[in-house]
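Single-structure report; data block below.
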Amino acid sequence: MSGAGRRPEPWRDGDVLTVCATTLIGLAVIVAAWFGASGTVSAPRQAAWLNVGVAGFAVSAGGLCLWLLRLRRAVGERRVALISLAPQEDSEEASRTAASPRPARPADTTVPLPLVRAAGMARLHHPDCPLVAGKDVTPAGLDDGEPCGVCAA
């Protein structure tokens with residue numbers, strides 16, 4: 001995904017129309033059930049209208065839930081795109097990759113961060129951790145102690 005191809009809003013136009021339609025339909029059914037139940041005096045008929053009202057609520061709630069799930073997916077995709085360490089492909093590279101018959105294996109782009117420890121400290125820290133700022137530090141391995149809770153080493 002290139003930065004120019006992204007839209008600033010997480011929903012498509014169809015999503016907004018869907019949530020508006022399901023909400024309006026659900027509210028119309030609820031209002032119809034209310035008027036239907038208010039015009040009857042027998043409990044079985046009122047119970048039938050209550051069932052219609054519950055169905056209207058389900059339609060409205062279902063549309064809103066689908067809308068929020070679409071938002072959750074869009075936010076997750078953006079989060080992955082933001083924190084991805086893999087370099088973005090150029091359009092020429094993307095067309096060459098799409099034309100190749102074998103699937104490309106993702107490159108391992110993780111870089112181990114060096115851990116450090118200052119004299120007298122039992123926990124391991126990242127070099128930019130504020131708890132070791134300005135102190136003389138020595139490199140440390142993962143097995144040399146517990147991770148720091150501040151820098152999440």
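The values are calculated or read from the model by the stated rules, or taken from the named source; none is laboratory data. Keep in mind that what you see is a predicted model, and the values were worked out from it rather than measured. Here Cβ is always computed from backbone atoms with ideal geometry, including for glycine, and neighbour counts include all displayed protein chains. For the accessible areas, the whole protein counts, side chains as well, though only heavy atoms, and no ligand, DNA or RNA atoms are used. Shrake-Rupley method; radii C 1.70, N 1.55, O 1.52, S 1.80 Å.
For segment 120-136, 3J(HN,Hα) computed residue by residue from phi via the Karplus equation (6.51, -1.76, 1.60; θ = phi - 60°) reads x, 9, 9, 9, 8, 9, 6, x, 9, 5, x, 6, 10, 5, x, 9, 6 Hz, glycine and proline entered as x. Remark on Leu115: its backbone amide H falls under 5 Å from those of Ala140, a criterion applied only to residues 5 or more positions apart or on other chains, H modelled at 1.01 Å from N.
Under the simplified labelling scheme, the Leu69-Asp136 pair shows an inter-label distance of 6.0 nm, with each label point 7 Å from Cα along Cα→Cβ. As a rough guide to protection, the peptides 35-41, 119-125 ranked by mean Cβ packing within 10 Å, highest first, stand as 119-125, 35-41.
Heavy-atom accessible surface of Glu9, to the nearest 10 Å², is about 80 Å², with a 1.4 Å probe and all protein chains retained. Taking a point 7 Å from the Cα of Ala48 along the Cα-to-Cβ direction, the residues of segment 10-41 with backbone N closer than 18 Å to it are 29-41. The distance between label points at Ala58 and Glu9 comes to 3.1 nm (points 7 Å beyond Cα on the Cα→Cβ vector).
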